[in-house]
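**Student:** Have a look at this one.
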Amino acid sequence: MPRDLVQILGVCVHSVTLRELIQQIKRFATSGDHYRVMYANVHVLNIAYRDAELRRILNQADLVYCDGAGVKLGARILGKHLPERMTGADWIHDLCRVCQETGITLYLLGGQPGIAAEAARVLTARYPGLRIVGTHHGHYDHNGPENSAVIAEINALRPDILLVGFGTPLQEKWIDRHMERLQVPVVWAVGALVDFVTGNKPRAPRWMLDHGLEWLYRLWTEPRRLWKRYIIGNPLFLWRVFMQRLGWLRFE
């Protein structure tokens, strides 16, 4: 388990490469124990800055990886190093290849009705032999009888990895609340993964990805939903990181 940690706005992020991330997930999935995997991007860290519960959940996770160029920049401002940023669209194909080779099974939970099932069809068509044992959309009552039924189905199907995409902070808090009930080796918060797999949310051109500008492309494609996250959130994050660098922020 990599132990190089970078603390940004009170959240500890593991300094791992994409290859190390996938190797660690493989070890988690075949260990016989139970693990939580989560990600940190600017949006997540801005929420965690104000939400002590989310900050606690992230810091209790077994692996938290860098999911954004802004977090890499934040680490650099603090004099630290994160080797790369990894969104779900970056790692899903590496994960599927490992699952295809080893027989590790997946369950997709999240997205609008029908999207997780479509994502499963896309991935199993691309990776013959990949076993996605079940799917369920994320738009249901996460506290009522339907939630218990979803957990019962997941446990009955016994996936090795459960990918949970409800968005932050709902997905992290759902995982924290139900981890003891979930009989799954790896429970992984994945955001809008199924939307990217299906093309429901398009990815930025390669040159924008390579230059840390995916946020700008997402703002352009979804301005009404994302303007506050990026136009206000990005500068606010950098200001907070500079305050941390100066020693003017303290976290428990």
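**Student:** Given the condition surrounded by fewer than 18 Cβ atoms within 10 Å (Cβ to Cβ) and in contact with a His (Cβ under 8 Å, 6 or more places away or on another chain), answer yes or no: does some residue in segment 158-170 qualify?
**Tutor:** In the first step, residues of segment 158-170 are kept if they are surrounded by fewer than 18 Cβ atoms within 10 Å (Cβ to Cβ); the result is 158, 167, 170.
When the remaining residues are screened for being in contact with a His (Cβ under 8 Å, 6 or more places away or on another chain), the result is 170.
Yes; the residues of segment 158-170 include at least one that is surrounded by fewer than 18 Cβ atoms within 10 Å (Cβ to Cβ) and in contact with a His (Cβ under 8 Å, 6 or more places away or on another chain).
**Student:** Would you point out the residue of segment 9-56, among those that are among the acidic types (D, E) and assigned to a helix (DSSP H, G or I), that is nearest to E101 (Cα to Cα)?
**Tutor:** Within segment 9-56, the first condition is being among the acidic types (D, E), and the residues that meet it are 20, 33, 51, 53.
Now restrict to residues that are assigned to a helix (DSSP H, G or I): 20, 53.
Numbers: E20: 17, E53: 38 Å.
Checking each candidate, the answer is E20.
**Student:** Where the second residue is assigned to a helix (DSSP H, G or I) and the first is of a type in the set (K, R) and lies in segment 24-52, which pairs have Cβ atoms under 7 Å and are six or more apart or on separate chains?
**Tutor:** Listed by first residue and then by second, the contacts come to K26/V98; K26/T102; R36/I175.
**Student:** Within segment 77-104, can you find the residues that are more than 13 Å from Q23 (Cα to Cα), in contact with a helix residue (DSSP H, G or I) (Cβ under 7 Å, 6 or more places away or on another chain) and not in a helix (DSSP H, G or I)?
**Tutor:** Scanning segment 77-104 gives L78, H81, L82, E84, R85, M86.
**Student:** Here is a follow-up. In segment 1-25, what residues are surrounded by fewer than 20 Cβ atoms within 10 Å (Cβ to Cβ) and either among the hydroxyl-bearing types (S, T, Y) or touching a Cys at 6+ places or on another chain (Cβ under 9 Å) (or both)?
**Tutor:** Those that are surrounded by fewer than 20 Cβ atoms within 10 Å (Cβ to Cβ) and either among the hydroxyl-bearing types (S, T, Y) or touching a Cys at 6+ places or on another chain (Cβ under 9 Å) (or both): L5, S15, T17.
**Student:** Return the residues of segment 192-212 that are free of Cβ contacts under 8 Å to residues at least 40 places away in the same chain and either surrounded by 14 or more Cβ atoms within 10 Å (Cβ to Cβ) or within 19 Å of M38 (Cα to Cα) (or both); say none if nothing qualifies.
**Tutor:** Step one: filter segment 192-212 for residues free of Cβ contacts under 8 Å to residues at least 40 places away in the same chain, giving 199, 201-202, 204-211.
Result: K201, A204, M208, L209.
**Student:** Condition first: among the basic types (K, R), surrounded by 14 or more Cβ atoms within 10 Å (Cβ to Cβ), in contact with a Gly (Cβ under 7 Å, 6 or more places away or on another chain) and over 15 Å from A189 (Cβ atoms). Can you find one or more residues in segment 63-76 that meet it?
**Tutor:** Within segment 63-76 (the criterion being among the basic types (K, R), surrounded by 14 or more Cβ atoms within 10 Å (Cβ to Cβ), in contact with a Gly (Cβ under 7 Å, 6 or more places away or on another chain) and over 15 Å from A189 (Cβ atoms)), the answer is no, since none of the residues qualifies.
**Student:** Oh, and also: Just give me the residues in segment 182-221 being part of a loop (DSSP other than H, G, I, E, B) and either more than 29 Å from A117 (Cβ to Cβ) or in contact with a Cys (Cβ under 7 Å, 6 or more places away or on another chain) (or both), in sequence order.
**Tutor:** H211, G212, L213
**Student:** Checking the condition within 21 Å of the chain's Cα centre (by Cα), at pLDDT 95 or above and not charged (D, E, K, R), which residue from W239, W188 passes?
**Tutor:** That would be W188, the only listed residue that is within 21 Å of the chain's Cα centre (by Cα), at pLDDT 95 or above and not charged (D, E, K, R).
Conditions (1) free of Cβ contacts under 8 Å to residues at least 24 places away in the same chain; (2) closer than 30 Å to R240 by Cα; (3) in contact with a Cys (Cβ under 9 Å, 6 or more places away or on another chain); (4) surrounded by 21 or more Cβ atoms within 10 Å (Cβ to Cβ), marked per residue:
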residue: H81; (1), (2), (3), (4): no, yes, no, no
residue: D94; (1), (2), (3), (4): no, no, no, no
residue: G110; (1), (2), (3), (4): no, no, no, yes
residue: G144; (1), (2), (3), (4): yes, no, no, no
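**Student:** Among the residues of segment 89-144, write down those that are of a type outside the set (D, E, K, R), at pLDDT below 95 and closer than 25 Å to Y65 by Cα.
**Tutor:** Once the filter is applied, which keeps residues that are of a type outside the set (D, E, K, R), at pLDDT below 95 and closer than 25 Å to Y65 by Cα, segment 89-144 yields only A89.
The values are calculated or read from the model by the stated rules, or taken from the named source; none is laboratory data. If you're wondering where the values come from, they're calculated on a predicted model, not measured in any experiment. Every residue, glycine among them, receives a Cβ derived from its backbone with ideal geometry; neighbour counts consider all protein chains shown.
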